[in-house]
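Q: Here it is: the structure, laid out below.
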Amino acid sequence: MERLEPVIAEFARVSRPGAVVILSDIHPTMVTFGGGAVFPTNSARFELHFVRDLVHPISEYVRATMAAGLVVRDCREPVVPERVITNNPAYAAVPDAVRRAFEGLPFLLVWSLEKPC
């Protein structure tokens, strides 16, 4: 989405008071480096299906959440998992470089938001 505000406002609109909304996205750091939600196929040809993602800084999520009247209960930033590092197409050629580039970086952004009673 170009803008987070309408999306988070809609989550708030359809949620009952006391509801918890879980929102997850590819971390903006990964998006900045060209990462995204990629879905390999079982095709004999090399095909990758993906979801186009835009960079939304964490502050944009916070502002949109506050504008919608939701409260942040938690925010998690899981790091790049080992399988993502070793499945990177460049890993076979330059494993140390790929590992150093991605190891320890935040991979996902997971929010727990609450609609106040």
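Q: Please give the net charge around residue 25, taking every other residue with its beta carbon less than 13 angstrom from that of residue 25, where Lys and Arg add +1 and Asp and Glu add -1.
A: Working: positive: 52, 76; negative: 53, 60, 77.
Every neighbour counted, the sum reads -1.
Q: Separate question: Taking only Cα atoms and a 10 Å spring cutoff, compute GNM fluctuations for the chain and point out the largest among 93, 101, 64.
A: 93
Q: How big is the charge dipole of the range 58-117 about its Cα centre, in debye rounded to the nearest 20, if each Lys and Arg gets +1 on its Cβ and each Asp and Glu gets -1 on its Cβ?
A: On the way: 7 positive and 7 negative charges, 21 e Å.
Value, rounded to 20: 100 debye.
Q: While we're looking at this one, here's another question. Work out the charge dipole of the chain with +1 on the Cβ of Lys and Arg and -1 on the Cβ of Asp and Glu about the Cα centre, then indicate which of 102, 34, 62 is farthest towards its positive end.
A: 62
Q: Here are labelled values, [x] 14.3, 39; [y] 14.1, 42; [z] 16.9, 54, and one is the computed Rg and Dmax of the Cα atoms in Å for what I pasted. Which one?
A: [z]
Q: For residue 73, put the label point 7 Å out on the Cα→Cβ axis and report which residues of the range 1-40 keep their amide N under 19 Å from it.
A: The answer is 8-25, whose backbone nitrogens lie closer than 19 Å to the label point.
Q: Between residue 45 and residue 90, 0.36 nm times their residue separation minus their Cα-Cα distance comes to what?
A: 14.4 nm is the gain from fully extending residue 45 to residue 90.
Q: How large is the charge dipole for the chain, taken about the Cα centre, if only the Cβ atoms of Lys, Arg (+1) and Asp, Glu (-1) carry charge, to the nearest 20 debye? Present the calculation step by step, with values, prior to reporting the outcome.
A: Numbers: 12 positive and 13 negative charges, 38 e Å.
So the magnitude is around 180 debye.
Q: Another question about this same structure. Net charge near residue 57, counting Lys/Arg +1 and Asp/Glu -1 over other residues with Cβ under 15 Å of its Cβ? Walk me through the intermediate numbers first.
A: On the way: positive: 3, 63; negative: 2, 5, 25, 53, 60, 77.
Counting the neighbours of residue 57, the net charge comes to -4.
Q: Between residue 112 and residue 37, how many nm apart are label points set 7 Å from Cα along the C-beta direction?
A: It is 2.2 nm.
Q: Residue 84: net charge of surrounding residues, Cβ under 12 Å, Lys/Arg +1, Asp/Glu -1, itself excluded? Numbers along the way, then the final one.
A: On the way: positive: 83, 99; negative: 82, 103.
Once all neighbours under 12 Å are counted, the net charge is 0.
Q: Between 45, 16, 76, which gets the highest mean-square fluctuation from a Gaussian network model of the chain, Cα cutoff 10 Å?
A: Of 45, 16, 76, the Gaussian network model singles out 45 as fluctuating most.
Q: Could you work out which residue, out of 107, 11, 33, moves most in a Gaussian network model of the chain, that is, has the largest mean-square fluctuation with Cα springs under 10 Å?
A: Largest GNM mean-square fluctuation: 33.
Each reported figure results from applying straightforward, stated rules to the coordinates on display, with no laboratory input. It should be emphasised that the depicted structure is a prediction, and the values quoted were computed from it without experimental measurement. All Cβ positions, even for glycine, are placed from backbone atoms using ideal geometry, and neighbour counts span all protein chains on display.
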